[in-house]
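Scroll down for the structure; my scribbles are underneath it.
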Amino acid sequence: MLRISIVYHSETGNTEKMAELIKEGALQVAGVEVSLMTVDRLDRKALDESQVILFGTPTYYGTVSWQMKKCMDTLPVRVEGKLGAPFASAAWPGGGGYELAEMALIQGMLIRGMMVYSGGVVVGRPPTHFGAVSHKAPAGFDADRCRKLGENLALKGKELFGQP
Ligand SMILES: Cc1cc2nc3c(=O)[nH]c(=O)nc-3n(C[C@H](O)[C@H](O)[C@H](O)COP(=O)(O)O)c2cc1C
């Protein structure tokens with residue numbers, strides 16, 4: 001079974017909805033188990049056992065929320081060698097900074113020795129670019145992108161880690 005954890009912060013539900021769609025996409029792949037958890041209720045056992053971990057945040061002043069930053073700075077498990085990917089929501093696409101928030105998540109993953117997944121613009125449709133992004137609550141294209149990121153991560157996770 002490939003284990004995936006999705007860690008997110010969400011105050012008004014938009015990033016949470018993204019997390020649920022990513023889970024839905026990942027579960028389209030057989031042999032995958034997904035744990036959803038918020039930054040203030042981390043499931044340490046699931047994190048430990050996961051080969052793949054995604055981090056999701058609302059965009060706050062052009063970067064990650066402080067709640068997500070705190071979570072990444074104090075993560076209670078070792079994550080080196082695991083595969084990761086970011087997702088972020090924002091109120092203002094095209095300048096609001098969700099890609100910068102994703103880059104901050106990517107920095108956090110790299111500095112802890114994680115591998116960062118990218119399907120870029122070359123692995124299926126819709127393209128996931130740096131990760132999944134959404135304008136407020138994900139709908140239409142934004143929702144499809146979340147599902148696609150989940151599916152891509154599950155497939156890449158199985159390719160890299162097999163089915164331990
Ligand atoms: C303190 C604060 C700062 C924010 N800063 C930005 C910002 O810089 N750019 C942006 O597009 N949206 C910004 N927003 C809007 C949120 O990123 C957006 O509403 C997001 O979808 C909320 O996610 P959530 O529903 O998961 O909490 C900000 C919201 C708050 C509360």
Scoring region 50-141 by relative contact order with C-alpha pairs under 8 Å, at least six apart, yields a percentage of 32
Taking the Cα centre of region 2-161 as origin and charging only Cβ (+1 Lys, Arg; -1 Asp, Glu), how large is the dipole, in debye to the nearest 20? 140
Restrict the search to region 61-122; then list the GluC sites (Glu not before Pro) that DSSP places in a loop and that have at most 13 other Cβ atoms within 10 Å of their Cβ. 80
Taking 19-25, 90-96 and ranking on average Cβ neighbours within 10 Å, highest first, one gets 19-25, 90-96
Just how far, in whole angstrom, is region 26-69 from region 139-153 if you go by their alpha carbon centroids? 15
Accessible area (Å², per residue) of the chain, counting only protein heavy atoms and a probe of 1.4 Å: 47
Mind checking region 34-132 for trypsin sites (Lys or Arg not before Pro) that DSSP puts in a loop (not H, G, I, E or B) and that have at most 11 other Cβ atoms within 10 Å? 41, 78
With every atom except the alpha carbons ignored, what do you get for Rg and Dmax of region 14-164, in angstroms? 14.0, 41
Contact order normalised by residue count of the chain, Cα under 8 Å, 6+ apart, percent: 29
Is the shape of region 13-101 best called rounded, prolate or oblate, per the rule: a/c under 1.5 gives rounded, else a/b larger than b/c gives prolate, else oblate, with a ≥ b ≥ c the square roots of the Cα gyration tensor eigenvalues? oblate
Choice from 35, 89, 118 with maximal GNM fluctuation in the chain (Cα, 10 Å cutoff): 35
Can you tell me, using C-alpha contacts under 8 Å and at least 6 residues apart, the relative contact order of region 91-164 as a whole percent? 25
How much net charge surrounds residue 136 when only the other residues with a Cβ under 11 Å from the Cβ of residue 136 are counted, with Lys and Arg +1 and Asp and Glu -1? 0
Peptides 123-130, 57-64: what's the order by average Cβ count within 10 Å, highest mean first? 57-64, 123-130
Taking every DSSP beta bridge that has both residues in region 2-161, what percent is antiparallel when rounded to the nearest 5? 10
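The values are calculated or read from the model by the stated rules, or taken from the named source; none is laboratory data. Quick caveat: nothing in here was measured; it's all calculated off a predicted structure. Glycine also receives a Cβ, built like all others from the backbone with ideal geometry; neighbour counts cover every protein chain displayed. Quick note on the areas: whole protein, heavy atoms, side chains included, nothing else; ligands and nucleic acids left out. Shrake-Rupley method; radii C 1.70, N 1.55, O 1.52, S 1.80 Å.
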